[in-house]
């Protein structure tokens, strides 16, 4: 089964205390699509300008990502620039040039409308709605978000929560949305807003799933050095959806293991700028770290 | 096998946004000893004043804690007063009255000197040294600490690290000690200072063990409400040492599971003020949560 991924496709200029890297391939959909592509066929929906480097189209193609839904229009590709502090937890946006992204309206090719697995990666909730409006009957829809939408599009987001199966957000966003300091209390409140599955990402502390089978405490893969955490959350949910689309059996039977794969692909993402590390790994590298995580958590 | 626990025995006045509780039984050794007592016989070494409430002696006795090493001297019991903010992660000390603790010199009864399992709970490193000076040949020595000793007794602490098997500290302290932001990089540096086993506590995010068998990522038990986290770290390490003292086989074979028991007893500690919740539970309550944690982490 393939997974449909809709989100931002961008050029990221990233500055860390160690280095500066301009105009890397980025955006929520790029990270999620590359991560998912290790497990299942991927259909990417997004928009780029006519300045979008051909090498990045090549990168998508090498990962066998279906680009029928990628609009290439006249103008500039969405460009984000940010800077990390030493501890990599604090990020400061230096620049946001929306470019062609400003008028982006995700339009699904006919071949995409019957997709069973749908990832609404981080993008305006109104656009996430617009995607669902075009779908015939998806089996499993997961949405990601960011603090920006909680601030400026909360109504749209709350309506979206009634239309999706799974909602992925980080601990800060869970707190912002529910006003609950305790993450498990926050999760309980988010379930009441609609989603059957709630996943809270906690960066290097791993993530928490709450669903019909109760909680799952998902570890992060231990990294001694984080090069650039941009896109780690998108990689996590992308790999998770790719795994689910590829697996036989129920969501409940597969979701925990899919999250472990998500953790592992996110760990590779953090080891390089943008997608440089992730795009160079093989499935066997992923499997090795999954086996390691099994050993690291067994008692 | 019994476990020898040396540390502070205090009266804690704790204020949270919800309530205020004066003069509860507290101190690192009290929390650790009660936690350990669910698993193995415990020998407590500490000091209290002649104002120490008889009911707390009764509490120790009900947990069958050996009090031969508890000095009761003329003067006031160590009294600490602190206030938590809403999110329970920020604590402010309101008052510290050392009382008889100021001149405390841990003196081991003959019967204690051959103890095989020794927990040097949080106390001045010089006193932790003094305990080891009196021991004949302990099998497994673990020390806990706090930021205060990193600030005012770093030399003593660094010498102590060469004399112990395991070192337990929280993530903030690990950062302070090593100047490393990355917790795994910090652990690596701490190993070089001496300890074969390093355990970093991360509060609600669980803990990390590093030892000869590699890392173990130990989850925290999920709590929807934290009443008072005072003593949770002491409970964690106390229960861990109690488990190890009670178990057959090598430290390596038992340490991961012992940490899980530590997580569970710490979770009970957080559910009540001081030792009120922990002192009311049974071994079967602990076993139930251990089984739950197994389910919450399996994938």
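Before moving on, here are some points about what is shown:
Let's see how each residue does on (1) part of a helix (DSSP H, G or I); (2) within 20 Å of residue A:226 (Cβ to Cβ); (3) free of Cβ contacts under 8 Å to residues at least 60 places away in the same chain:
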| position | (1), (2), (3) |
| --- | --- |
| B:181 | no, yes, yes |
| B:190 | yes, yes, yes |
| B:209 | no, no, yes |
| B:220 | no, no, yes |
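- In summary, residue A:148 fulfils each of the numbered conditions (1) modelled with pLDDT under 95; (2) closer than 24 Å to residue A:3 by Cα with the single exception of condition (2).
- Where residue A:264 falls short, out of the listed (1) more than 13 Å from the chain's Cα centre (by Cα); (2) surrounded by fewer than 24 Cβ atoms within 10 Å (Cβ to Cβ); (3) within 14 Å of chain B (Cβ to nearest Cβ): (2)
- Hits in the range B:107-123 - residues which are in contact (Cβ under 8 Å) with a residue 24 or more places away in the chain and surrounded by fewer than 20 Cβ atoms within 10 Å (Cβ to Cβ): B:107, B:109, B:111, B:116
- Only one of A:292, A:287, A:271 that is out of contact with any strand residue (DSSP E or B) (no Cβ under 7 Å at 6 or more places or on another chain), more than 12 Å from chain B (Cβ to nearest Cβ) and in contact (Cβ under 8 Å) with a residue 40 or more places away in the chain: A:271
- Restricting attention to the range B:49-92, the residues that are over 20 Å from the mean Cα position of the chain (by Cα) and within 14 Å of chain A (Cβ to nearest Cβ) add up to 3.
- Residues of the range A:187-207 that turn out to be within 12 Å of another protein chain (Cβ to nearest Cβ), more than 26 Å from residue A:86 (Cα to Cα) and under 21 Å from the mean Cα position of the chain (by Cα), as a count: 1
- At least 1 residues being in contact with a helix residue (DSSP H, G or I) (Cβ under 7 Å, 6 or more places away or on another chain) and within 30 Å of residue A:243 (Cβ to Cβ) is the threshold, and among the strands (runs of 3 or more DSSP E) wholly inside the range A:19-113 those reaching it are A:20-26, A:42-49, A:65-73.
- The test for being buried (at least 18 other Cβ atoms within 10 Å of the Cβ) and free of Cβ contacts under 8 Å to residues at least 60 places away in the same chain holds for residue B:100.
- Once the range B:93-107 is narrowed to residues that are within 16 Å of residue B:26 (Cα to Cα) and touching a strand residue (DSSP E or B) at 6+ places or on another chain (Cβ under 8 Å), the residue that is farthest from the other protein chains (Cβ to nearest Cβ) is B:100.
- Qualifying residue in the range B:226-236 (condition: within 11 Å of chain A (Cβ to nearest Cβ) and modelled with pLDDT under 95): yes
- Of the residues examined, residue B:165 is one that is touching a helix residue (DSSP H, G or I) at 6+ places or on another chain (Cβ under 9 Å), in contact (Cβ under 8 Å) with a residue 60 or more places away in the chain, farther than 23 Å from residue A:215 by Cβ and surrounded by fewer than 22 Cβ atoms within 10 Å (Cβ to Cβ).
The values are calculated or read from the model by the stated rules, or taken from the named source; none is laboratory data. In this text, all values refer to a predicted model and were calculated from it rather than measured experimentally. Neighbour counts run over all protein chains shown; Cβ positions are idealised from the backbone, glycine included.
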